[in-house]
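Reviewing the structure listed below.
Every read-out reported here was derived from the displayed coordinates using simple, explicitly stated rules and does not represent laboratory data. No experiment lies behind these values; they were computed from the predicted model shown.
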């Protein structure tokens, strides 16, 4: 799976966002500021949080401006993450590790200039620490002040994770729902307070930075950008029978008429997001369809375009099918969608399409096994802290993405799915195999 990444320097940039992360790190390294611009003026970015660019910057500073040092570092992080998960688990270690290693999506984003693997490196340990705060008894929490250390560690990890990917910003707030199944005792409440405080201490400076630079105390405008680009524009494109770019331009123009001329990038995205939201509310039915299609995409092993780009020659021209597929979907032309995908993606990739089919089959198997493990008798179902935390994570990382849904949004819940799926194989030959030296 990972071998083609070394065939061309373009392979680690299969996902287009990778070039922005790379350029931002290069600009920081060369003194051109926190900008994704490739030439003057180097305008500051309001969408990308600093965690991942600083990670790349550190590697470039030591090893030179070579994307492959990032790839190698992320492969190492991936193996360390899998090893850490195995060390934490008391049972089903081998089965869980196998499931993670077989994930096409996990392998792919380990070798891409994308923030997902670094985010998991912070997020997953943070979840395991938080789980102990709610899983242990009151007496265990009091021993040697352990709850303070776990709470502080979890909060710091969640904070650094949010700096890597802004989608993690509000996740610690959802942990409060665990009080529904665990008594909110004095020590548990105190621990949760420490966790939130540590999280806020890490993310607050970036709010201050954006207030100083853009005069807006926002963490990131990526959500505002997506509201126009991914949520509203496809609907307008379908209704007005225009291209996605034309739809975006019209929404932007209408936003500036309503809210005024933007002073900076943050204003531009926020104004357009407000106008996009007004537009979406006028078409709830179409938006519901678009929302459902986005969630469905998270269950693919990879996006069709990125898979084809990764396994084909670098000079192949691949058009963006998303606008056409979204329009056909909103118009109810399901047959057209199947034909487009078959002709321009599956047939185009040739023999490598078998990898995609196997990846899809394995992911569907993993989800089915995870559901079985979730509801398996003896594991507490929703009364289990782990199960309830998985449920919250799935709603947060998959359910709320909506039209913006991509296979990589499944990655934060992948380790949990692997653990749950391993439960389905308890008392089988795999469990016996795990007992071998």
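Given q = 0.07, 0.13 Å⁻¹, what are the Debye log10 I(q)/I(0) values for the chain, with equal point scatterers placed on the Cα positions and solvent ignored?
-0.37, -1.36
Based on DSSP H runs of at least 4 residues, each adding -39500 (n - 2.57), what is the mean residue ellipticity at 222 nm of the chain after dividing by all its residues, to the nearest 500 deg cm²/dmol?
Numbers: 22 runs with 274 residues, N = 437.
The per-residue figure over the chain is -19500 deg cm²/dmol.
So what's Rg/Rh here for region 221-282, counting alpha carbon atoms and using the Kirkwood radius for Rh? Mind showing how you got there, number by number?
Details: Rg = 10.5 Å, Rh = 11.1 Å.
Rg divided by Rh gives 0.94.
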